[in-house]
Each structure stands twice: as structure tokens, then as C-alpha cells.
Amino acid sequence: MAKSIIKTVIKYSEGTAEYFVENLGNGIELEMVLIREGTFTMGAPEDEKGSSNDERPQHEVTVPTFFMGRYQVTQAQWRAVANFPQVERELKPEPSRFKGDNRPVETVSWYDAVEFCARLSNHTGRKYRLPSEAEWEYACRAATTTPFHFGQTITSELANYNATYAYGNGSKGQYRGETTPVGSFDVANAFGLYDMHGNVWEWCLDDWHDNYQDAPTDGSAWFDDKNNDNLSRKSGRAVLRGGSWYSFPDFCRSASRYFFSRAKRDYIGNNVGFRVVCGVGRILK
């Protein structure tokens, strides 16, 4: 079993973040940041620029403690886990269009991401999975209520998105037209997470719902069929969060949700990736 350690790190914008490091072999590591439990208001108010009714009604959600990947899963991490024993489906070791070990993996479906989590879980003995939509937004906001965790607007100096368009009182900037290595902007949120806005859309666990009417308030994933525990057999649309290198700034907001045809679980695109979460379990004992 891979050895994991708890560390404390201090960086410019993080304060102190607790995390553990998963060793995937050949010097490849996966950093998992502790996200402590808390209650937040999920969704966007009606006066938030670029928001839509699928981000409402706003509602309070209490999220239990969990760990989340400091970065989006990289191509090096993907390749390492793709070499672990198969659980349900095959994984291509090199699926991405924009090549680079430290760039986020992309062109992977929801099912591929679920398989990645299953292989990683078997290898480490810890339960890895995709984040619930509530966990994702809670982690992205990091106790903020503004459209972005760094404030009221977004710039191309802070994130990778289609900056030929401006948001609010912000300015236009550089449109890179491709992914960037994770953590390139050296701008973490208060929880110590990077690239929560832009770079690649991130798969969440939940089924898609047109709004938050009757949404769970405990941070759990929202499934229509609660009796089907076999994720590899789920169908329909899932949820994408965070925006991408290709996205207008509106889509990169903390509350933004995306589905359309692009969130069918078998969809693959060069602007879609993911990050993983892990329950606290034995790690904090």
C-alpha cells in the first residue's frame, strides 16, 4: 500500500493547509488537501452577472470534512493509475490532446474518471471518488460569496479561460487556446486549491437537475436512482463545474453549472477533466 503522510504547507495566498501525499509510483504524487466541514450558501443570487435559474434557489448546505485534490488530475497521475489493475473498463494511458505531464488530463469521460477513482481506491486502500456538486462548490468558494474565490471578477493573470471576453468591471486579457500546467498561476484559494476557475471543466458525481428544488442539504451527491450503487452503470447527464480554457468568464464562476450535450456521462472533450476527493476515514485517526 502506498505510504501517505500528513504535512502542513504555507504559501502566499493559502495560509496553512493540511494535506496528505499519495505516492503513485515512479516519483509521481497526488496531493490531497483537507477541507474541513462547514455550512455555506450554495447557488447564485439573481443579481449575479451571468447566473441562471439552474443555480437557484440558493440554499444552505452543510458539508462534512473531506480531502480534495490540490490540483486537477494531471496526465502523469492519470498514466500512473491507468497502469493499475482494471476494475470495470479499460483506460487509455494517453488520452489528452494537449500533451504534458503536468497539464490536466482531458478527453476523458465521466465513466473514465469513475474507473480512475476505483483503481486508485484499490491501490491505496482509501475510498476515492468524484466530488459531489455541493462539495465542489463548497471547496471552490472557500468561505467566499463573490462570483469567484478571488473576488468580483476574473482576469487572465489569475486563470486560464477565454479572456477575449470580460466579466463585470474586469478587463479583457490573453486567450491561450489550450490547457496550462496545473498551478501555473500560483493563485490558490483559502483552502489551498488551485485552478478551481478555468483550465478544464471538472466532472462531479451527481445526476444533472434543472435547478436546486429539493436538492440535498448534507453535501451528498444527488442521484435520481438512489438504489443503484454501481456507478459504471449509471446513465444520463452528470454535472460539470469550474469552466475551462475555452469558456467565457461567466461559466467559470463558483456557482456555474454546465450540462447540455457535453455532460452526458460518455462525453469526452479536450476541455473536460476532473479532480478527486477522499473521505477522512483512517487518515485523521
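The values are calculated or read from the model by the stated rules, or taken from the named source; none is laboratory data. These numbers come from a predicted model, not from an experiment. Don't worry about glycine lacking a Cβ; one is built from the backbone with ideal geometry, like all the others, and counts go over all protein chains shown.
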The one condition in (1) of a type in the set (S, T, N, Q); (2) exposed (fewer than 13 other Cβ atoms within 10 Å of the Cβ); (3) modelled with pLDDT of 95 or more that Thr16 fails to fulfil: (3)
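For region 208-221, which positions are of a type outside the set (Gly, Ala, Ser) and either crowded, with 20+ Cβ neighbours inside 10 Å or within 18 Å of Arg103 (Cβ to Cβ) (or both)?
Going through region 208-221, the residues of a type outside the set (Gly, Ala, Ser) turn out to be 208-214, 216-218.
If the condition is that a residue be of a type outside the set (Gly, Ala, Ser) and either crowded, with 20+ Cβ neighbours inside 10 Å or within 18 Å of Arg103 (Cβ to Cβ) (or both), then Trp208, Tyr212 are the ones that fit.
Kindly indicate which of Gly183, Gly192, Gly168 is crowded, with 23+ Cβ neighbours inside 10 Å and at positive phi.
Only one candidate qualifies: Gly192.
Let's see how each residue does on (1) over 23 Å from His149 (Cβ atoms); (2) of a type outside the set (Ser, Thr, Tyr); (3) touching a Leu at 6+ places or on another chain (Cβ under 8 Å); (4) at pLDDT 95 or above:
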site	(1), (2), (3), (4)
Gly198	no, yes, no, yes
Leu205	no, yes, yes, yes
Gln213	yes, yes, no, yes
Asn227	yes, yes, no, no
Asn230	yes, yes, no, no
Lys234	yes, yes, no, no
Gly243	no, yes, no, yes
Phe248	no, yes, no, yes
Test for Leu205: is it aliphatic (A, V, I, L, M), in contact with a helix residue (DSSP H, G or I) (Cβ under 9 Å, 6 or more places away or on another chain), touching a residue at least 60 places away in the same chain (Cβ under 8 Å) and not in a loop (DSSP other than H, G, I, E, B): yes
For Cys117: the one exception among (1) in contact with a helix residue (DSSP H, G or I) (Cβ under 7 Å, 6 or more places away or on another chain); (2) in a helix (DSSP H, G or I): (1)
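Take region 104-135 and flag every residue that is within 19 Å of Gly177 (Cα to Cα) and buried (at least 23 other Cβ atoms within 10 Å of the Cβ).
If we filter region 104-135 for residues that are within 19 Å of Gly177 (Cα to Cα), which is where we start, we get 104-108.
Answer for region 104-135, where residues must be within 19 Å of Gly177 (Cα to Cα) and buried (at least 23 other Cβ atoms within 10 Å of the Cβ): Pro104, Val105, Glu106, Val108.
Go through the residues of region 196-204 one by one and say whether even a single one is aliphatic (A, V, I, L, M), over 19 Å from Ile35 (Cα atoms) and either surrounded by fewer than 24 Cβ atoms within 10 Å (Cβ to Cβ) or in contact with a strand residue (DSSP E or B) (Cβ under 7 Å, 6 or more places away or on another chain) (or both). I'd like the intermediate steps shown before the answer.
Restricting attention to region 196-204, the residues satisfying the condition of being aliphatic (A, V, I, L, M) are 196, 200.
Keeping just the survivors that are over 19 Å from Ile35 (Cα atoms) gives 200.
With the extra rule that they be either surrounded by fewer than 24 Cβ atoms within 10 Å (Cβ to Cβ) or in contact with a strand residue (DSSP E or B) (Cβ under 7 Å, 6 or more places away or on another chain) (or both), the set shrinks to 200.
Within region 196-204, one or more residues are aliphatic (A, V, I, L, M), over 19 Å from Ile35 (Cα atoms) and either surrounded by fewer than 24 Cβ atoms within 10 Å (Cβ to Cβ) or in contact with a strand residue (DSSP E or B) (Cβ under 7 Å, 6 or more places away or on another chain) (or both).
Out of everything in region 159-184 that is under 17 Å from the mean Cα position of the chain (by Cα) and part of a loop (DSSP other than H, G, I, E, B), what residue ends up being farthest from Leu30 (Cα to Cα)? Break it down into steps so the answer makes sense when it comes.
First, pick out the residues of region 159-184 that are under 17 Å from the mean Cα position of the chain (by Cα): 159-161, 179-184.
Remaining after also requiring part of a loop (DSSP other than H, G, I, E, B): 159, 161, 179-184.
On the way: Ala159: 21, Tyr161: 24, Thr179: 19, Thr180: 18, Pro181: 15, Val182: 12, Gly183: 13, Ser184: 17 Å.
That would be Tyr161.
Just for region 23-37: of the residues that are under 18 Å from the mean Cα position of the chain (by Cα) and not basic (Lys, Arg), which one is farthest from Asp101 (Cα to Cα)? Let's see the steps before the verdict.
Step one: filter region 23-37 for residues under 18 Å from the mean Cα position of the chain (by Cα), giving 29-37.
From what's left, not basic (Lys, Arg): 29-35, 37.
Working: Glu29: 12, Leu30: 13, Glu31: 15, Met32: 18, Val33: 21, Leu34: 25, Ile35: 26, Glu37: 32 Å.
Of everything passing the filter in region 23-37, Glu37 is farthest from Asp101 (Cα to Cα).
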Close pairs from region 266-285: first over 20 Å from Tyr19 (Cβ atoms) and modelled with pLDDT of 95 or more, partner assigned to a loop (DSSP other than H, G, I, E, B) and among the small types (Gly, Ala, Ser), Cβ under 8 Å, at least 6 apart: Asn270/Ser96; Asn271/Ser244; Asn271/Ser247; Val272/Ser244
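Let's see how each residue does on (1) more than 16 Å from Leu120 (Cβ to Cβ); (2) surrounded by 20 or more Cβ atoms within 10 Å (Cβ to Cβ):
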| position | (1), (2) |
| --- | --- |
| Asn26 | no, no |
| Glu37 | yes, no |
| Glu46 | yes, no |
| Gln58 | yes, no |
| Arg70 | no, yes |
| Ala76 | no, no |
| Pro85 | no, no |
| Asp101 | yes, no |
